[in-house]
Amino acid sequence: MPDRLMLLDSASLYFRAFYGVPDTVKAPDGTPVNAVRGFLDIITKLVTLYQPTHLIACWDDDWRPQWRVELIPSYKTHRVAEVVEVGPDIEVVPDPLEVQVPIIRETLAALGIQIIGAPEHEADDVIGTLATTATLPVDVVTGDRDLFQLVDDARDVRVVYTARGMSNLEVVTDEVVVKKYGVLPTQYADFATMRGDSSDGLPGVAGIGEKSAATLLAAHGDLAGIIAAAEAGQGMSAGVAAKITNALPYLAVAPTVVEVVKNLDLPAVDSRLRPLDEKQKTDAAALAERWAIGSAMTRIVDALDAVGTGAAEATA
């Protein structure tokens, strides 16, 4: 079994689990555990399908970093709840999901799955750093298309895209990005900057949609080349040039917001998947009983055992 690192966009996946598993799934004390159970089953499926030898759950230590908000104040504003006592910068997370996040972290720890976050940064930035610096092939699991900017066939970095559901996963490679959008993965951040993204509160360049953005990148290579051409009045119509130049204040800051950070100082962890030892299995069983997630726990323990044993045999 060749070594392969899987990076989970954890919040993306546990939100999907929360909305995908009925909220009637509860622990004996009445605590909802639908997201916990669903998240474990998602990991089980991913591990079984893609056979990673290493796995890291990447975490949003700051889902809306202030430095990104200072550059673009509208960044993720639609996800913010006004809470007078605390301030406006609180993510809208349903209460039944919020109470499950600590349980998810506790369960991952019991399974020996490493969790990595970074102060003042999103999970995307953690993923960007790990995917860029990894010496192994990488699968990034996310429902966020912004991470298509990390796809790199030469380094065997792929995205396992979950937006169409866990029954319809899509493995995104260079070819897929080009076919979908007409740009290379290395151009995707510039493409997303111009196109904008209402889900992240990014306005984009007024009048420039996906097709126009792709055409401009094909002609001028990158955003810097597009801006230079627009200012020189060359290589595009006067109308398109005006749209670019009118958006220069936005274009001066948006790329920093859209591009994931790739140079975080992250802790070194041992992310190799191994069969659980007896103590780990005892602890996992106790958690499973406490939260009434026995079947999901059994499935993921079996999956980790299978992958961990296969990896150990391959290196023996």
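Filtering Val257, Val253 for residues that are touching a residue at least 60 places away in the same chain (Cβ under 8 Å) and farther than 24 Å from Val151 by Cβ leaves a single hit, Val253.
Residues are listed down the side, and each one gets a yes or a no for (1) closer than 18 Å to Phe39 by Cα; (2) assigned to a loop (DSSP other than H, G, I, E, B):
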| position | (1), (2) |
| --- | --- |
| Leu97 | yes, no |
| Pro102 | yes, no |
| Gly112 | yes, yes |
| His121 | no, yes |
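If you take the residues of the stretch 17-73 that are of a type in the set (Lys, Arg) and either at pLDDT 95 or above or not assigned by TED's automatic domain parsing to the domain that holds Val126 (or both), which of them is nearest to Ala254 (Cα to Cα)? Per the stated criteria, the residue is Arg68. Among the residues making up the stretch 194-204, those that are part of a helix (DSSP H, G or I) and of a type in the set (D, E, K, R) are Arg195, Asp200. Under 9 Å between Cβ atoms, which residue pairs at least 6 apart in sequence (or on different chains) link something in the stretch 154-169 that is closer than 20 Å to Ser199 by Cβ and in contact (Cβ under 8 Å) with a residue 24 or more places away in the chain with a partner that is loosely packed, with under 10 Cβ neighbours inside 10 Å and of a type outside the set (D, E, K, R)? If the second residue must be loosely packed, with under 10 Cβ neighbours inside 10 Å and of a type outside the set (D, E, K, R), the pairs left are Thr162/Asn168.
Counting only residues that are in a loop (DSSP other than H, G, I, E, B) and in contact (Cβ under 8 Å) with a residue 40 or more places away in the chain, the stretch 205-248 holds 3 of them. The single condition among (1) within 22 Å of Gly209 (Cβ to Cβ); (2) within 17 Å of the chain's Cα centre (by Cα); (3) buried (at least 22 other Cβ atoms within 10 Å of the Cβ); (4) of a type in the set (A, V, I, L, M, F, W, C) that Ala163 does not meet is (3).
Note on the stretch 265-298: residues that are within 26 Å of Val138 (Cβ to Cβ) and outside any helix (DSSP H, G or I) amount to 12. Being in contact with a strand residue (DSSP E or B) (Cβ under 7 Å, 6 or more places away or on another chain), crowded, with 17+ Cβ neighbours inside 10 Å and under 19 Å from Thr142 (Cα atoms) is a condition met by at least one residue of the stretch 64-71.
The rows are residues; the columns are (1) in the same structural domain as Asp124 (by TED's automatic domain parsing); (2) surrounded by fewer than 17 Cβ atoms within 10 Å (Cβ to Cβ); (3) in contact with a strand residue (DSSP E or B) (Cβ under 6 Å, 6 or more places away or on another chain); (4) among the hydroxyl-bearing types (Ser, Thr, Tyr).
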| residue | (1), (2), (3), (4) |
| --- | --- |
| Lys211 | no, yes, no, no |
| Gly221 | no, yes, no, no |
| Thr245 | no, yes, no, yes |
| Leu248 | no, yes, no, no |
| Ala252 | no, yes, no, no |
| Asp270 | yes, yes, no, no |
| Arg274 | yes, yes, no, no |
| Ile293 | yes, no, no, no |
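Lys179 meets the stated requirement of being charged (D, E, K, R) and either assigned by TED's automatic domain parsing to the domain that holds Asp305 or within 20 Å of Thr142 (Cα to Cα) (or both).
Checking each residue in the stretch 19-36 for being in a helix (DSSP H, G or I) and surrounded by fewer than 23 Cβ atoms within 10 Å (Cβ to Cβ) picks out Tyr19, Gly20, Asn34.
In a residue-by-residue description of the stretch 84-104, the property of being at pLDDT 95 or above, more than 17 Å from the chain's Cα centre (by Cα) and not aliphatic (A, V, I, L, M) applies to at least one position. Among the residues of the stretch 174-183, just one is outside any helix (DSSP H, G or I) and surrounded by fewer than 17 Cβ atoms within 10 Å (Cβ to Cβ), namely Gly182.
Taking the stretch 55-79 as the range and being in contact (Cβ under 8 Å) with a residue 24 or more places away in the chain and part of a loop (DSSP other than H, G, I, E, B) as the test, the residues that pass are Trp59, Asp60, Asp61, Asp62, Trp63, Arg64, Pro65, Ile72, Ser74, Tyr75, Lys76. Among the residues of the stretch 251-277, those that are basic (Lys, Arg) and farther than 18 Å from Thr129 by Cβ comprise Arg272, Arg274.
The values are calculated or read from the model by the stated rules, or taken from the named source; none is laboratory data. All figures in this text were calculated on a predicted structure; none of them were measured in a lab. Ideal geometry is used to build each Cβ from the backbone, glycine not excepted, and the neighbour counts take in all protein chains shown.
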